[in-house]
Structures are given as C-alpha cells and as structure tokens.
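Below is one structure, written out as structure tokens, with a few remarks after it.
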Amino acid sequence: MQKKSSAKTKKAVAKRFKLTASGKLKRAQAGKRHLAASKNRKRKRQLSAKEFVSESDTKRMKVCLPFN
C-alpha cells in the first residue's frame, strides 16, 4: 500500500510572495539589488514598491502555497 503524499509549502515561494486578503499575490520588483549608483533616486524609490503577480502566474504560485 502506498502512503498518500501530503501537500507541502514550497518555502522558496513562501519567502518571496505574500497573499493578500482578496487572494492576490504581492511580490517585490526586480532591479534594485545591485548597480544602484547608475539608477536615479526616483527609479530606486519606485522599485521598492510592491507589485502584484499576474493572473496567469498566480494560479501556478497558489499550488506552491497550499495553506495560505
């Protein structure tokens, strides 16, 4: 008899995404980690804002976050 596999949270996904109350996923924007001296202040400030994951990617990410 085979043991039934349980749903597990992908920890890499859990660290990078937060689920909102309405069911959307928030993520950080790319491009702020390094080479910041060549980017102006406004661009770096706007990159620090959170962004929502697209609808098509949200379905895939929610499979990795079964308990959220």
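All of the numbers you see were taken from the coordinates with simple rules; none came from a lab. As the structure is a prediction and not an experimental result, all values here were calculated from the model. We place every Cβ from the backbone using ideal geometry, glycine too, and count neighbours over all the protein chains shown.
Of all residues in the stretch 19-68, those satisfying the criterion of being of a type in the set (S, T, N, Q) and within 30 Å of Lys8 (Cβ to Cβ) are Thr20, Ser22, Gln29, Ser54, Ser56, Thr58, Asn68.
Taking (1) in contact (Cβ under 8 Å) with a residue 24 or more places away in the chain; (2) of a type in the set (D, E, K, R); (3) loosely packed, with under 10 Cβ neighbours inside 10 Å in turn, Glu55 satisfies each apart from (1).
Residue count for the stretch 13-28, restricted to those that are free of Cβ contacts under 8 Å to residues at least 40 places away in the same chain and over 14 Å from Asp57 (Cβ atoms): 6. If we keep just the residues of the stretch 1-49 that are hydrophobic (A, V, I, L, M, F, W, C) and touching an Asp or Glu at 6+ places or on another chain (Cβ under 9 Å), which is surrounded by the fewest Cβ atoms within 10 Å (Cβ to Cβ)? It comes out as Ala28.
Counting the residues of the stretch 12-50 that are within 12 Å of Asn68 (Cα to Cα) and charged (D, E, K, R) gives 2.
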